[in-house]
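The values are calculated or read from the model by the stated rules, or taken from the named source; none is laboratory data. Small disclaimer: the values here were computed from a predicted structure and weren't measured. As a convention, Cβ positions derive from the backbone with ideal geometry for all residues, glycine included, and neighbour counts pool all protein chains shown. The protein model used for the area step is the full one, side chains on, heavy atoms only, and it has no ligands, DNA or RNA in it. Shrake-Rupley method; radii C 1.70, N 1.55, O 1.52, S 1.80 Å.
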Amino acid sequence: MQRSKNDVWVGLFVLVGAVALLFLALQSANLLSLSFQDTYRVVAKFDNVGGLKPKAAVRSAGVVVGRVEKIVFDDKSFQARVTLALESRYAFPKDSSLKILTSGLLGEQYLGLEAGADGSNLAAGDTISSTQSAVVLESLISQFLYSKAADASQSEAAKAKP
């Protein structure tokens, strides 16, 4: 009798530990967002979203104020249309701007929301027009290499022209 009682307690302890590990794994991968706050949805269009994913954080002054709900391609404007779910307790002016930022050098991408100065606030269904697309590392490297090659060819041309 005593042995089976201990087995039940050990099994319960292992089950609670497994649930805790699953919770931590989902939370750290941004696959689980436990927020019971009311939200309102706004839309923003970007030329390039880079590696931005649904459920990515929307931060203002370092504080998570919402999440990316979905990302779709708009075939009329040829831009990415990003739907954000912002928490209702946070009100931002209509002229606020969005940037796609990266945590660290090669970390996950998130949206940075900078408040504007307009008198009226964003409401459900509004569109944020001031956006800055993601910085693509490969594009920066190719621009750097191209500029170095152009500088080298100009200096060669200058040396050949005495």
Study note, to complete from the structure: Checking Lys45, Lys55 in turn, the sole residue that is closer than 18 Å to Glu108 by Cβ and at pLDDT 85 or above turns out to be Lys55
**Study point:** Long-range neighbours under 9 Å by Cβ, at least six apart or interchain, first residue farther than 21 Å from Asn121 by Cα within the range 37-57, second open to solvent by 40 Å² or more (accessible area, probe 1.4 Å) and among the aromatic types (Phe, Trp, Tyr)
**Key:** Asp47/Phe78; Leu52/Tyr110; Ala56/Tyr110
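Select, from Leu106, Leu113, the only residue that is open to solvent by less than 70 Å² (accessible area, probe 1.4 Å) and either under 21 Å from Pro54 (Cβ atoms) or assigned to a loop (DSSP other than H, G, I, E, B) (or both). Lay out the reasoning, then the answer.
Numbers: Leu106 fails: open to solvent by less than 70 Å² (accessible area, probe 1.4 Å).
Sole residue among the options that is open to solvent by less than 70 Å² (accessible area, probe 1.4 Å) and either under 21 Å from Pro54 (Cβ atoms) or assigned to a loop (DSSP other than H, G, I, E, B) (or both): Leu113.
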Point to revise | Candidate set from the range 125-145 (those that are at pLDDT 80 or above and open to solvent by 80 Å² or more (accessible area, probe 1.4 Å)); member that is farthest from Lys94 (Cα to Cα) | key: Leu145
